[in-house]
Structure formats: C-alpha cells, structure tokens
Amino acid sequence: MLGGIYALLGIGLTLIFGIMRVVNFTHGELYSFGAYMMFMFVMLLHLDFFLSLVLATALGVALGAVIEFVLLRRLRGADIDTTMLVMIGAWIAMQNVEQLIWSGVAKSITSPFPSAPLVLGGISVAWSRLFVFAVALLLIAGTYALVDRTRIGRAMRATFQDGDTARLMGVDIDTTYLATFALGSGLAAAAGALLGPVFVVTPGMGDLAALKAFAIVILGGLGSILGATIGGFLLAFIEELGAGYLSSGYRDAMGFALIILVLLMRPTGLISRKDRIG
Amino acid sequence: MRRLAILALLALLLSVPLWVGNFYVLHVLIVTGIFTIAAMSLNLLLGYTGQLSLGHAVFFGIGAYVSALVSLGFAVHLAPDWLVTLDPQPVWLAMLCAVAIAGLCGWAIGRVSFKVRGAYFVIVTISFAEVARLVALNWDELTQGPMALNNIPPLAVSLPGLDEFDFIGKVPNYYLVLVAAILAYVVIARLVHSRAGRAMIALKENEPLASSVGIEVTRYLVLAAVVSAAIAGAAGALYAHYIQIVDPNVFMFLYTVTMVIMVVAGGKGTLAGPIVGGLIFGLLPEVLRSFAIRPEVQWVAYGVLMILIVYLLPNGIVPAVASLWNRAGRADAPAAPTTGSSPGRIVP
Amino acid sequence: MRSNLLRTMLGAAGAVLLAGAAFAQDTIRIGVTQPLTGAFAADGNYVVQGAKLAAEAINKAGGVNGKQLQLIVEDNKSNPTEAAATAERLIVEDKVPVMMGAWGSSLTLAVMPKLVEYKVPMVVETSSSGKITTSGNPYIFRISPTSEMEARAFAPLVGTMGIKKADFLATNDDFGKGSMQEFTKMLKQKGVAIGASETMAEDATDLSAQLAKIKASGGDTIFVTTDVKQLTLILKQAKDQQVTARIITTGGSVSPDQLIEQAGGAANGSYHLVFFTPWFPDAVKNPDVAKAFMQAWSDAKYDVGGLTEGFRGWDGIYTIAAAVKDAGKADPAAITKALWGVHVRGVNGDIAFIKQGPAGRESGQSVPGVYLVKIDGGKVVQP
C-alpha cells in the first residue's frame, strides 16, 4: 500500500523537478494539505468520503497552480538555488499557517470501510489499505496516460527534453509549467488525502514524506514517471525488509541509505538519461 | 577607515555584557553567535565553492554529539561481546575531538557527495543528515535516543598559575562564543584569500574551465568541505556545552535551513554576509516573540521574509548595502566597506 | 576550586542591572512548560486547559495572599532541548518563582538541570519515569505516580486476569522504557513469561512492523505505553493485523473517551490504567473536588476526552497555590520549602510529598491513586 503512495509522491515531484528544474520543498505541504482538506470535508462538513477525496485533490491542483503563478513565475531563468530558497520559505510559511489553523494536535479521519480486515489465505489486509492501493494505481496510470497521450503532456515532454527548443517550436512554456506544477501538487494532495484516514493528520506529516519523495526521485532518475513508480515500490519494499530484519527504528533510514548507495554506484539513478551538471 | 570600522565593531561586541544587563538577551546572543559560526562555515561551501549543501546540520550535530559523549564518557557494544568504553574526558579535549571527527566526516562525505552536482548533490546531503538523525534516534545505547544526552558538563579551562575556570553562566559563554567566532572568521578569511581559495572561486564561476586549466576540482572541494565541517563541528560542540543537552533533533532539516537562510540573506560568498544574516535571523524570532506574537505567526513571517529577500535582494543584504554605499556619492572609494576585497561576489 | 574573580568581574555589571528589574510584580507568576505542538500536543494542551481552569477558580475566590495567579505558558514542542530552553526563558526572562511541567519524562529530565542552576522548584504533573525523583534533584515535586507505583498497583490483578505471557510495545523514551522496565520486573516476579519488547518512535504512525513481531511472539497480553494519539493507531492496526492478545495500557495518558471516539470498535476489550475516573466520580478519594473540576471543564466546553489529562494541570496548580500561600511570598526558596508541607485535596487523591532519592538532595513524590478501567461495547466500565 505504501508503495503506491510513495509512487504518487515521487511522480509529482519528479515531474516538477525534471521539467521545471525546481526542487519543490512545498511538496510535503501539499501532501498534508490534502490530508487536512480531507479532515475538513469528512469530519467537519460531513461530506461523502469519496466526494471529499475528489475535492481535496482538486484543491491541491488549485493550490499548486497558485504557488506556481504567484511565486515561481517571476523566477523563470533564476538559478536552482534561488528557487529552492523561495520554496523553502514557502514551505515554512505553509506549515505554520497549517499549524495555526488546525493546531498542533493530531486529527484522525473516520473512513467508511469495514473495520474487519479481508483475509485471504492467512494474509489479512485492511479494506482501507486495499482502497488506497487501488486508487493510487489508478492515479499513476492516469498520469502516465496524460503525459503520454495529451497535447499538454506532449508539451511537457518537449520542455523536459529541451526547454529552449520547445519554446521556439511554439510550446507555451508558462502554461506547461503551470500544468506541471498543478498536476504534481494534485498528486501529492491526493496521496495525503488517501493516507490521512489510514493514519493521523499532523502539521509535520509532510516533512518525512517530502524527504522520501526526494529519495524516490533519485532512485528513479530525474523526470521519469516509470522510474518514480518503480522507485516508490522499491522504497516501500526495502523499508519493510529493513524493519523486519534490522530494527523497526531504522525503517525510515533505509531510503536514505539507499540513495547514498545508488549515487555511489550509478550517479544518474536507476532509470534515466545522463544528467550531470559540470 | 575600514580598519577603524572593524575595530569599532569589535569594541562594541566586546562591551556588550557591560551594558546589556538582561541575561536572557545574552542567552539569545550566545545562541545566535553559535549559529552564526555554523553559517560562516556553510558559506565556505555555499558561497565560495557554490555547492549548496542541505545537510550541513550533520557536522553541527556530529560536533555536538562527539563532544558531549567524550566529555560524558560512554559504554557501547559494537558487537554483542565487544564492549567499547570511554571514561569522561576533559571538555577541551572533547571539543578538539569534535572538531577532528567533524572534519573527518566532512572529508568522507565530501569524497562521496562531490561525485555528483546540482540537485543530486543537494539531495545526497539531505540524505546524510536524515541518516545521521535516525542513527542518533535509534542507537540509544550510545546516544540515549530521544531521551537526549543530558547534564553535559560546561567547558572548564585550567591555565598554569590560575585556578580552573568554568564557563558557566552567560557572560563567560558570551566571550567564549565571541572568541570562537573571531577565530572562525580569521580561518575562513585566510583560506579564501589563499591560492586554494582562489581556486575554489574559479571552480564556482566555471568548473569545466577551472579543471581544464589544471585545478584539481575534487581536491579543492574536499578541502573546503573539511574546513567547513570542522568549523561547524566546533559550533556544535560549543552549543552542546552551553545548553548542556543534545537530542537527535540537532540533525533536523530546519537547522540546516536556518543556516542557509542566514548565509543567503546576508550575502553568500561575502565574508560579512553570514554574520549579518546570522544576527538578523538569530535575533528576529526573539524580537517577534517580544511582541507576544504566536510562534506559528512568527514562523510564517520568517518564511515570507525569506521569500521577499530572495525577490528583492537576490544577492543578499551585504552586497546590496555595499552597492548602495558606493552609489551614494562614494563612487571614488576603491572598495565596499566590508566586502570589497572579497572576489567571491556573484554576478549572475 | 573555581576562581570566581574573573567571573565576578565580568558578571558584576550585568548583575547590578538585573537586580533592579526583578521585583515589583502585582501577580504571582507560575511558569508552565508543556508540549503544545509535536508528538504529545494533544495531551499537553489538555493539561494547560486544566491548569488555566484551576488558576481561574483560585483567582475568582480571591487569589493567593490577595494576589492573582498569572500562568505563563511555554510550548516545549515535545522536544527535550526545547523544554530546557523554555525553562531558561521562564526563569531568566519571565522570572517565575515556581514552575509546572513538562509532561513527558524525557522533557522533564531535560528541564531538571535548569532547576538546579537557578534554584527554582517545579511541580511535575505527568511524568512517570523513576529517574526523575531518584536522581537527587531537590527542586522536583511530583504529583503523578511513578511506573513502579503503577506496576505495584497492577500486581494483584496479574493472577485474576490470567496473564501467562506478556509482550510490550512502548515509546523509545524515558516514559515508555521506564514503564516497560518496571512492569517487566513485576511480571517476572509473578512468574509471567515475557515475549517481545518492542519500542517505537513517539511520532511513528505505521506500527505494523512492531505489531507483526508481537503477533509472532504469541503472548496473551500486550502492555502498551504511549499517548492517546499513537494508541488509537495501534488499536486500529492491531485489529487490521488480527492481533488478538488483550491490550493493557499504562501511563494514564490514554483517554478512553477519545479512544472510543477515534478508534471505534477497535477500542473494545482494551484495558487502561488511569489516574482519574471521570466516569465514576464517586469512586475517587475526593468526589467533591473531582466534581468541581468536571463542572469547570464542562462549563468551559472543553473536550470530554481531555478530562483524564486535564486534571493533572488542575491538581498541579492547586498544589503550587497552596505552597505559595504557605510561603507567604513568591520566592523560589520559600516555595520549595513550603511544598514539603502542603496537604492538598486533589482530583486524584490527597497530595502530600514524601522524600525520594539520595539523602540530602531528596525530591518530593506524592502517592496518588491508580485505577484500571475497561472499554466494552463502546463504554468505559469497571472491570
């Protein structure tokens, strides 16, 4: 189940990273934003669970578009460090606005799934986790189709390969960037909205998620949707393995140890074109 | 003129405890000073070699933990029947160990990380910080995990002919940090103005060109990383013995971010930049707090301010003030007051 | 030997300036450090709510020695280093003569050196680790039970509940490990086998790996030590993984009401050691005090689930108020002395301090009540 969520987070980040050259530190905040929207719709406004999921994702897309329009548009052509600093500032501000509104106290969301797990040949799986997994797979497939088949997807791929040429060929860079950032943000918000009801929602929940997303992007290579998908599942698998055989405390360290290893052996990620500066 | 300004600044800093009676203000100044030292060390990497390390808290944290552990002593099983023990050592020795081991880690991490550049480098450094945090959290036989290392002794120095002197309380610690900061400044300034420093700056401006004229890229980068890590380790050691408690959160990303903000806001690649940035962003939270503003609002302001600085003063405060100074009818002055001699200013 | 000459010279100017500002206060300030954000945020906020209610009630009744109480609340962010920093701020900047805090054992332990440095007493309202009162800190006055007291109170029930093999799941801090250690000792004395002893980070949300190991161990009872937020997750995930062993929580920070609300059916069948039973106010030692507290809580429209945590703040502030009254002045040394003599009728029994720890540097420890309750059919019952 976690593999699907990791993949969603990774894909969103890898698109933004690969196409826009922006190290997006607000990614984790979009994730917790999705979870909080879910909390608001389900627990406070008592909307339908599935409708809430759609709304939370849509709001994530909208928020992503706003961030791109307000903060990033004027930084076109700035170096990677500058945009990174702006994103760090936005991250700090967003996380604390969240804390101000929702307080530091963890919130939990009730889900409509039966609390008895599904038992299949000795293995028990919670229905809610099964649902998360299915939706995550659906979203991954949808994103893949969007990038592969649609006009805007083609523009994204063109921009990724060579921004300047794409512009010369008549690709509207502003629209492409806006769509990319909104799509990536929407995926992060969807991941948060899916996972919020399974665990609890706290203002800091996005931090580790964002760091793991970075790990996945590195594993999969910049800008590769397939790579991020594989990276997400791989990370989840290795974490389980680490928790089982080493100590459960080191579970979260697995991904980062893996990044260091991968970069030592294969600095461009598992699946990627060569991308080294300098 | 410039020398006079520096002397005046030093006199001002030295006299602070004489006219600031509020111990809390001194406390804030001490902590600010420690983070300013860390920011200065980060500036060596970020400003002079152009490598954005987002794992700088690693060295700060390693310095803090090593110094705390050596001064407290420890007993740890490296294998089920291989027990390593260390009796408590004097604090000055512990601090030296901290500097040495932080420098060593700087060498090791530098060797590994400088294989990659750009975004990859950023993420690899974040990964090191996160691994360090999780090790500190989980290896509780050594680090006490989330229970934190507590009751860390303060620095005690015994000079021949004098009794032992403990750095307890605000005033002695203030001077200790001030002296350490000046020392760090001098080390960095000398390095930057040396041959090695010029090589680093050349690398930042144009790495392929620099390597084609025979500059050994990795060697200079690693040298910068070692010095930077050692100074950050010293800052961490000072921190541990001043606040007397260390927990795994010293490795948190937020600490690195604080250092990065200090450097960038002040002006990366300028010697005075991290000091100006350090003072502003070290004192700002306390200023906001004194207006009884809720901490969340403070941090929101912090984040927004950071964005504004990047938009309005992309090169940082020090270069901006310097150019303002020059424009204000002093175009004849050969150099800006504090930064003119620094060749590391970026012209994008 | 320390040479004070240099220090005296350096510090003299500062000390002179400081002296003028320290006095002239119209209110009695009480410093409170609690986790208002971070892993323990839910509990810390409830304690502060209880403390504020107590201060209001005392102030409405005329205050202490004709002066009003003023709480200065600092957020220690569930982090030991922050906890030490908040103590520094409260004592040095806000000049409080007495403190209450710091919820978690690791947080309290981090504050303790500051109390010695500045000679300010602190009433400990929640922490359970034995270390707090046995390390020789004469400024500590604890009103919450230690893990050892809890284990001792539970001992007679081991036989009646038929516990044969026990597993542990606890936070990897002083709170969790301290409890695990005391209960392990007690259970071994009773001849109970110990299976897995798993720990978790206090902010961990996915505990499936730990639960899998516990399930594999095959004990009949799991002792869990954590706060309510994490317990909710544990109960849900235990159900998902079909862990059937009986769950007993220790530490008293798992509000059963909140569990019923947030974990739903997964909470049924679990047992909880609590220090206040708002469901049966007549079962406690001082029912009138308990009812007054519950009335104030419901008047303030606070969350019912917070009662089992909020009472700690209420009792803490009443204890401090009694000491300040006896001391006659808001002075740290006088309050420390007065705390040894207080007799307060608290929500959780009578509060009075006995000496614990090395001779000459004893800490104060009160002996409160410990109760076991069970959640059954979505209700809290006496087992």
Selection over region B:22-45 where residues are within 14 Å of chain C (Cβ to nearest Cβ) and either among the hydroxyl-bearing types (Ser, Thr, Tyr) or open to solvent by 10 Å² or more (accessible area, probe 1.4 Å) (or both) yields a count of 10
Of the candidates A:Thr83, A:Thr26, the one satisfying the condition of being surrounded by fewer than 23 Cβ atoms within 10 Å (Cβ to Cβ), of a type in the set (Val, Ile, Thr), modelled with pLDDT of 80 or more and within 22 Å of B:Val264 (Cα to Cα) is A:Thr83
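Here is a yes/no grid of residues against (1) touching a strand residue (DSSP E or B) at 6+ places or on another chain (Cβ under 8 Å); (2) within 30 Å of A:Leu219 (Cα to Cα); (3) touching a residue at least 24 places away in the same chain (Cβ under 8 Å):
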position: A:Gly10; (1), (2), (3): no, yes, yes
position: A:Ala35; (1), (2), (3): yes, yes, yes
position: A:Phe41; (1), (2), (3): no, no, no
position: A:Val54; (1), (2), (3): no, yes, no
Of (1) more than 14 Å from chain B (Cβ to nearest Cβ); (2) touching a Pro at 6+ places or on another chain (Cβ under 7 Å), A:Leu120 satisfies every one except (2)
Here the qualifying pairs (Cβ atoms under 7 Å; residues six or more apart or on different chains; first in region B:203-225 and outside any helix (DSSP H, G or I); second at pLDDT 75 or above) come out as B:Ile215/B:Ala199; B:Ile215/B:Ala202; B:Ile215/B:Leu203
Apart from one, (1) outside any loop (DSSP other than H, G, I, E, B); (2) free of Cβ contacts under 8 Å to residues at least 60 places away in the same chain; (3) within 12 Å of another protein chain (Cβ to nearest Cβ) all hold for C:Glu148; the odd one out is (3)
Within region C:129-148, restricting to residues that are in contact with an Asp or Glu (Cβ under 7 Å, 6 or more places away or on another chain) and buried (at least 24 other Cβ atoms within 10 Å of the Cβ), the one that is nearest to B:Thr143 (Cα to Cα) is C:Ser129
Answer yes if at least one residue in region C:78-87 is assigned to a loop (DSSP other than H, G, I, E, B), in contact with a Gly (Cβ under 7 Å, 6 or more places away or on another chain) and surrounded by 24 or more Cβ atoms within 10 Å (Cβ to Cβ), and no otherwise.
yes
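Listed here are the residues, each with its yes/no results for (1) under 24 Å from A:Ile230 (Cβ atoms); (2) out of contact with any Pro (no Cβ under 9 Å at 6 or more places or on another chain).
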| site | (1), (2) |
| --- | --- |
| A:Val125 | yes, no |
| A:Leu138 | yes, yes |
| A:Gly142 | yes, yes |
| A:Leu146 | yes, yes |
| A:Arg149 | yes, yes |
| A:Gly170 | no, yes |
Of the residues in region A:102-124, those that are in a strand (DSSP E or B) and either among the small types (Gly, Ala, Ser) or open to solvent by less than 50 Å² (accessible area, probe 1.4 Å) (or both) number 3
Listed by first then second residue, the pairs whose first member lies in region A:139-168 and is under 24 Å from A:Ala189 (Cα atoms), whose partner is among the basic types (Lys, Arg), with beta carbons under 7 Å and at least 6 positions apart or on separate chains, are A:Val147/A:Arg157
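A quick yes/no check of all residues on (1) modelled with pLDDT under 85; (2) closer than 24 Å to B:Ala64 by Cβ:
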site: B:Tyr242; (1), (2): no, yes
site: B:Thr270; (1), (2): no, no
site: B:Arg294; (1), (2): yes, no
site: B:Ile309; (1), (2): yes, no
Scanning region A:208-265 residue by residue, those part of a helix (DSSP H, G or I), within 14 Å of chain C (Cβ to nearest Cβ) and hydroxyl-bearing (Ser, Thr, Tyr) turn out to be A:Tyr245, A:Ser248, A:Tyr250
Being within 13 Å of another protein chain (Cβ to nearest Cβ) and either more than 23 Å from the chain's Cα centre (by Cα) or over 20 Å from B:Val192 (Cβ atoms) (or both) narrows B:Gly269, B:Gly303, B:Gly282 down to just B:Gly303
Heads up, the helices (runs of 4 or more DSSP H) in region B:46-157 (entirely inside) with at least 1 residues that are under 17 Å from the mean Cα position of the chain (by Cα) and buried (at least 23 other Cβ atoms within 10 Å of the Cβ) are B:57-72, B:91-113, B:118-138
Exactly one of C:Ala110, C:Ala155 is in the same structural domain as C:Gly269 (by TED's automatic domain parsing) and either open to solvent by 20 Å² or more (accessible area, probe 1.4 Å) or among the small types (Gly, Ala, Ser) (or both), and that residue is C:Ala155
Only one of (1) open to solvent by 10 Å² or more (accessible area, probe 1.4 Å); (2) at negative phi does not apply to C:Ser179, and that is (1)
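The values are calculated or read from the model by the stated rules, or taken from the named source; none is laboratory data. Please read all numbers here as calculations on a predicted model, not as lab measurements. Cβ sites come from the backbone with ideal geometry, for glycine too, and all protein chains shown count toward neighbours. Only protein heavy atoms, including side chains, enter the accessible area calculation; ligands, DNA and RNA are left aside. Shrake-Rupley method; radii C 1.70, N 1.55, O 1.52, S 1.80 Å.
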